[in-house]
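Have a look at the structure below, then the notes.
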There are 2 protein chains.
Amino acid sequence: MVKIVEKQIIHFAQKAKEASRILALMDTRDKNHALVKMANALKAKKMYLMKENKKDLIAGKKAGLNKALLDRLMLDEKRIDAMRECLLDTAKLKDPVGELLHSFKRPNGLIIQKIRVPIGVVGIIYESRPNVTSDCIGLCLKSGNAVILKGGKEAFYSNKAIFAVLKSALKNTKIPVESIQMIDSTDRRGVEKLLMLSQYVDVIVPRGGENLIRFVAENSKIPVIKHYKGVCHVYVSDQANLQMAQEICFNAKVQRPGVCNAMETMLVHEKMAKKFLPAMIAQFMKAGVEIRGCDKTRKIFGENIKKATTQDWFEEYLDLILAVRVVKNTQEAISHINTFGSQHSDAIVTEDKKEAAQFLKEVDAACVYKNASTRFTDGYEFGFGAEVGISTDKIHVRGPMGLEGLTTYKYQVYGQGQIRN
Amino acid sequence: MVKIVEKQIIHFAQKAKEASRILALMDTRDKNHALVKMANALKAKKMYLMKENKKDLIAGKKAGLNKALLDRLMLDEKRIDAMRECLLDTAKLKDPVGELLHSFKRPNGLIIQKIRVPIGVVGIIYESRPNVTSDCIGLCLKSGNAVILKGGKEAFYSNKAIFAVLKSALKNTKIPVESIQMIDSTDRRGVEKLLMLSQYVDVIVPRGGENLIRFVAENSKIPVIKHYKGVCHVYVSDQANLQMAQEICFNAKVQRPGVCNAMETMLVHEKMAKKFLPAMIAQFMKAGVEIRGCDKTRKIFGENIKKATTQDWFEEYLDLILAVRVVKNTQEAISHINTFGSQHSDAIVTEDKKEAAQFLKEVDAACVYKNASTRFTDGYEFGFGAEVGISTDKIHVRGPMGLEGLTTYKYQVYGQGQIRN
């Protein structure tokens with residue numbers, strides 16, 4: 001049984017590699033045509049998709065998944081329509097392939113052109129919502145990459161159905177049907193095998209909990225684009241607009257606490273603390289947020305809030321919990337973030353341009369914000385159509401990974417017979 | 001003893017990380033000033049460097065290193081001067097840090113700027129010539145990165161001496177002295193420990209034989225930029241200028257056979273073979289090159305040349321050996337390269353523009369050449385000053401890794417109070 005799964009995965013990977021060679025050379029028009037066909041197919045097969053999704057929902061209830069997880073899993077007409085629109089949006093985006101990134105001439109007459117090209121074969125291992133299946137297929141095809149998908153067991157039937165619908169839609173297009181592959185074994189053996197196939201697969205993007213990502217990173221012979229965690233901060237300066245600060249902090253924590261770009265620690269300038277904290281914390285508590293404060297925070301607000309430990313500064317709660325720390329100045333805020341943060345998304349609220357410039361320059365994170373919520377770190381919000389993942393690595397891609405993140409480059413060098421002395 | 005080495009390496013890595021925070025914010029002028037100081041120090045300490053290098057040469061002779069290896073190891077006035085000039089050249093290059101790569105405005109008013117920033121701490125593990133020490137220090141400092149070096153045991157005294165001279169030169173500059181670190185233990189334990197320190201080191205670049213690189217790739221918890229091998233091809237089309245083809249092929253194979261960008265397999269269009277091969281192979285044989293030919297090659301030139309096996313198509317000889325294959329057409333040449341090549345450097349010799357365009361587009365390699373020798377794949381030849389390595393990976397950097405390859409980016413996002421709905 002294991003052997004069969006392994007053989008099947010090697011076969012998928014080989015087919016994907018072959019398809020990627022053809023796909024890399026496809027016209028933009030042909031790729032867009034395929035995206036539109038796939039979008040239409042999602043609409044046409046709506047009932048089938050919801051029927052298959054039901055199986056996952058029933059299994060999920062049986063397995064005791066909580067309400068939030070069941071909600072993430074659920075597909076209704078609106079959500080299928082959003083998947084469809086994401087494919088149509090991706091079709092409208094500029095094709096990154098073939099872009100001339102740089103061109104220069106050497107003293108010996110060689111002309112060197114740096115050209116954007118697809119990576120080749122992308123492996124995506126994910127636990128999350130079923131829409132990831134169609135979003136990732138859309139982004140990979142548009143950027144000229146073949147893709148091998150391995151979804152989580154909770155969404156087994158939904159992923160399989162979405163995949164079948166999209167694959168079938170490819171049949172009447174110029175895109176090779178083998179460009180998209182799905183591993184539908186439900187255990188980790190399939191993943192382990194995939195991670196060995198560096199001769200066929202060029203990059204792996206894991207999406208999900210920290211455990212999954214560490215498992216992938218530690219077992220992969222293929223380069224991995226990682227997203228470990230999002231310990232995001234908002235720093236409220238003494239130069240902040242008070243109401244703006246309150247709105248941004250509330251949004252960053254409460255609007256969707258279970259996601260990676262939600263705020264986990266709020267930092268407040270000591271001169272701002274007395275003015276800002278009492279009303280802000282009260283608003284948070286009213287919304288059901290548990291506060292864990294530093295000594296100064298507790299002095300200002302009261303001992304009825306929990307005391308934060310060093311561990312809290314490292315914590316990605318993904319929940320209605322917030323760590324709060326009063327800092328002496330901007331420098332201390334930056335230093336806190338660079339020490340405890342996860343290089344994901346951090347924001348400053350201030351009216352002082354110089355202070356903002358310092359914060360944006362010195363905070364070492366994929367996305368740094370002045371006067372906006374950290375919640376905007378997202379492929380769709382950045383205008384990338386969707387995202388294959390959000391990288392907290394510094395290698396290859398940082399932040400939301402969209403079409404450009406799915407490309408690499410080659411040097412095309414034009415000579416007139418040059419040889420080296 | 002092991003414990004002491006491990007503790008020392010952690011200490012180096014922590015210091016490098018701290019220094020990298022300061023270095024990332026340094027002015028171009030201050031970085032250039034340090035590079036010039038370091039260049040001057042190499043000149044001033046020439047005698048000391050040659051004295052220390054002697055120790056390595058004596059140990060190398062004792063250990064039975066061959067002439068070519070001893071030559072690579074040797075430092076004379078001319079070579080020290082070349083190291084000095086490389087630092088001065090690097091000072092003259094444009095500072096990549098702070099470059100605005102892209103700027104765009106979202107419908108909600110957010111302004112997103114993609115800015116080039118240093119990676120942080122770069123670990124370089126190398127076996128090769130002592131000049132790598134100063135080349136890499138120069139490139140890393142100019143691009144705002146701290147660097148941890150681990151050289152090979154053959155160049156132990158030379159590397160240590162170069163490092164000491166450069167570190168001492170940093171003392172009278174604004175650059176933190178701790179920006180450059182060297183691990184001088186001579187076994188692999190030091191490397192193993194370094195590869196664990198993902199909290200301090202952001203990327204590892206191994207330079208050397210395939211064994212070293214596989215060891216690093218398999219043991220690293222830090223992203224690795226790899227260069228496995230250079231199985232480079234020159235394809236001589238039936239549309240080639242005969243003399244140009246002969247010059248390029250001879251240069252690509254013979255000028256320096258022991259390097260990664262030398263040609264290992266020559267492909268010839270079948271309509272060109274009779275005209276081209278006899279004189280070309282005779283010239284190669286006169287230069288001491290052993291030929292391993294396909295059946296058609298042997299039919300044309302004679303059975304006195306060895307028969308090439310499939311293994312030969314995969315081989316990186318790094319020596320005066322050349323595999324030769326006659327192909328039906330350009331498509332077969334491309335397909336051979338994409339099947340057996342190592343995605344390093346491949347060239348076509350042709351006067352036909354359309355054929356060249358097809359070759360350059362379809363061959364999947366870091367550098368693809370029209371009418372020039374593959375030997376140009378090199379940081380210096382590309383105008384990058386020098387190189388930290390040559391990547392055959394597709395992730396982050398491809399081909400020669402210079403200043404740009406040593407950077408990543410961050411998104412700086414400017415809002416006016418935006419929150420997410």
Using just the helices of chain B, give the 222 nm mean residue ellipticity in deg cm²/dmol: DSSP H runs with n ≥ 4 each add -39,500 (n - 2.57), and the total is spread over all residues, rounded to 500.
-14000 deg cm²/dmol
How would you rank A:ARG72, A:ARG189, going from fewest to most other Cβ atoms within 10 Å of each one's own Cβ?
A:ARG189, A:ARG72
May I ask you to list the aspartates and glutamates whose Cα is less than 18 Å away from that of A:LYS94, ignoring any residue fewer than eight positions away on the same chain?
A:ASP27, A:ASP30, A:GLU85, A:ASP135, A:GLU381, A:GLU387, A:GLU404
Smallest Cβ-to-axis distance in chain B, for the rotation taking B to A: which residue, how many Å?
B:HIS396, 2
Which of the three applies to the range A:1-89, rounded, prolate or oblate, going by the alpha-carbon gyration tensor with a ≥ b ≥ c and a/c under 1.5 meaning rounded?
oblate
Cα coordinate range in the range A:148-201, projected on the principal axes (Å, largest first)
34, 30, 9
Of A:GLU315, A:GLU52, how do they rank once you tally other Cβ atoms within 10 Å and put the fewest first?
A:GLU315, A:GLU52
Among the listed pairs B:LYS43/B:LYS253; B:LYS226/B:LYS286; B:LYS3/B:LYS51; B:LYS43/B:LYS167; B:LYS46/B:LYS226, which have their C-alpha atoms separated by more than 24 angstrom in this model?
B:LYS43/B:LYS253; B:LYS226/B:LYS286; B:LYS3/B:LYS51; B:LYS46/B:LYS226
Average partner coverage of B:401-411, which counts Cβ from other chains inside 10 Å:
4
Quick check on the range A:105-228: of the DSSP beta bridges with both residues there, what percent are antiparallel, nearest 5%?
5
Going through the DSSP H helices of chain A, which span 20 Å or more along their own axis at the Cα atoms while scoring at least -0.5 as a mean Kyte-Doolittle hydropathy?
A:2-23, A:156-170, A:270-286
Taking Cα centroids, how far is the range A:219-260 from the range A:97-153 in Å?
27
Shielding by other protein chains, B:362-369, mean Cβ within 10 Å
5
Using R₀ = 25 Å, calculate the FRET efficiency as 1/(1 + (r/R₀)^6) where r is the Cβ-Cβ separation of B:GLU218 and A:ASN211; round to 0.05.
0.70
Kindly identify the range A:232-376 as rounded, prolate or oblate by the Cα gyration tensor criterion: order the square roots of the eigenvalues as a ≥ b ≥ c, call it rounded if a/c is under 1.5, otherwise compare a/b with b/c, prolate if a/b is larger, else oblate.
rounded
Additional length obtainable on full extension of the chain from A:ILE4 to A:ALA357, 0.36 nm per residue less Cα span:
121.4 nm
Expected integer from the mean partner chain Cβ neighbour count at 10 Å over A:389-397 is 5
In nanometres, what is the gap between the two model label sites at B:GLN199 and A:GLU18, each 7 Å from Cα along Cα-to-Cβ?
4.8
Return the FRET efficiency for the residue pair B:ASP30, B:ILE58: r is the Cβ-Cβ distance, R0 is 41 Å, and the value is rounded to the nearest 0.05.
0.55
Determine the shape class of the range A:17-61: with a ≥ b ≥ c the square roots of the Cα gyration tensor eigenvalues, call it rounded for a/c under 1.5, and otherwise prolate if a/b is greater than b/c, oblate otherwise.
oblate
Label-point separation in nm, A:GLU192 to B:ASP71, each point 7 Å along Cα→Cβ:
4.9
To one decimal place, what Kirkwood hydrodynamic radius in Å is obtained for chain A from all pairs of distinct Cα atoms?
23.3
Scoring only Lys, Arg, Asp and Glu (+1, +1, -1, -1) among other residues with Cβ under 10 Å from the Cβ of A:ASP81 yields +2
What list do you get for A:LYS61, A:LYS51, A:LYS78 if you sort them by fewest beta carbons within 10 Å?
A:LYS78, A:LYS61, A:LYS51
Cα-Cα P(r), the protein assembly as shown, percent of pairs per 10 Å interval
2, 12, 20, 23, 21, 13, 6, 2, 0, 0
Distance cut-off 25 Å, Cα to Cα: go down the list A:LYS37/A:LYS153; A:LYS31/A:LYS410; A:LYS54/A:LYS78; A:LYS410/B:LYS275; B:LYS7/B:LYS31; B:LYS15/B:LYS150 and report the pairs above it.
A:LYS37/A:LYS153; A:LYS410/B:LYS275; B:LYS7/B:LYS31
Estimated FRET transfer efficiency (B:THR339, B:THR309; beta-carbon r; R0 22 Å; 0.05)
0.90
Highest-first arrangement of A:402-412, A:341-351, where packing means the average Cβ count within 10 Å
A:341-351, A:402-412
Here the Cα Rg-to-2.2 N^0.38 Å ratio for the range A:64-134 is 1.87
Please sort B:34-40, B:93-99 by packing, taking for each peptide the average over its residues of neighbouring beta carbons within 10 angstrom, highest first.
B:34-40, B:93-99
Net charge near B:THR173 (other residues with Cβ under 15 Å of its Cβ; Lys, Arg +1; Asp, Glu -1) is +4
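Read the figures in this text as sums done on the coordinates, not as results from a lab. Here the structure is a predicted model, which is why all the values come from computation and not from measurement. Backbone-built Cβ (ideal geometry, glycine too); neighbour counts: all protein chains shown.
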